[in-house]
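Here's the structure, in structure tokens; my notes come after.
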Amino acid sequence: MATNDTKITIPCTEQSQERDLDSDISRRAQWLRAAILGANDGLVSTSSLMMGVGAVKSDPKAMVLSGFAGLIAGACSMAIGEFVSVSSQLDAELAQLKRDQRTDKADRAGLPSPIQAAVASALAFAMGAIVPLLAAGFIANYKIRIAAVAVAATMALLIFGCLGAVLGRAPVARAAARVIIGGWAAMGLTFGLMKLFGSAGL
């Protein structure tokens with residue numbers, strides 16, 4: 001008795017679309033996580049710089065100006081570093097495409113953009129650095145100004161830590177605690193050492 005085996009091919013369009021969607025979401029999550037890390041870097045470095053200057057000078061202008069200088073210098077440094085890094089990555093990927101003889105528009109569309117990465121990195125750093133500047137910018141009293149910077153930095157660290165944990169699928173409480181403790185350590189160490197050097201007349 002003859003049997004006819006009929007093979008039915010089921011299109012994988014939906015599965016392919018789901019994979020593309022998952023990949024797109026993953027890339028966006030990585031960008032957001034990198035932005036949060038950049039903002040955290042701007043927050044901690046600028047807050048620490050302002051706390052260090054505040055340890056030796058009670059003048060509010062000196063503290064705010066140092067923070068503003070830190071924002072500009074840090075954002076520029078982040079942008080330049082990211083531009084150089086992504087440019088090197090782009091050169092490597094273009095060279096690989098040439099070796100594979102794949103240079104069509106579809107292949108080039110997925111390549112990283114050094115300018116886009118540089119701008120995003122600078123903006124992320126500035127977003128974090130602006131927090132202590134806003135906290136200290138309108139307070140004349142020395143002790144209240146120092147406390148305001150510390151409190152504002154702590155609240156922002158908590159937010160950044162929680163967001164980073166959610167995007168990285170890590171335990172929120174533990175990740176937030178690490179970020180806050182690290183920020184406190186940086187600010188406390190900078191303030192303490194500058195206070196010590198200031199007392200020694202250096």
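We did not get these values from a lab; they are worked out from the coordinates using the rules stated. As the structure is a computational prediction, the values presented were derived from the model and not from experiment. Here Cβ is always computed from backbone atoms with ideal geometry, including for glycine, and neighbour counts include all displayed protein chains.
Along the range 169-180 the Karplus relation, 6.51 cos²θ - 1.76 cosθ + 1.60 evaluated at θ = phi - 60°, assigns HN-Hα couplings of 6, 10, x, 5, 4, 5, 5, 5, 4, 4, 5, 5 Hz to successive residues, with x for each Gly and Pro.
Return LEU123, LEU134 ranked ascending by Cβ neighbour count within 10 Å, so the fewest neighbours appear first. All intermediate terms of the calculation are to be shown ahead of the outcome.
Working: LEU123 16, LEU134 12.
In increasing order of surrounding Cβ atoms, one gets LEU134, LEU123.
Entry for the range 43-202 at q = 0.10, 0.11 Å⁻¹: log10 I(q)/I(0) = -0.49, -0.57, Debye formula applied to identical alpha-carbon scatterers, no solvent contribution.
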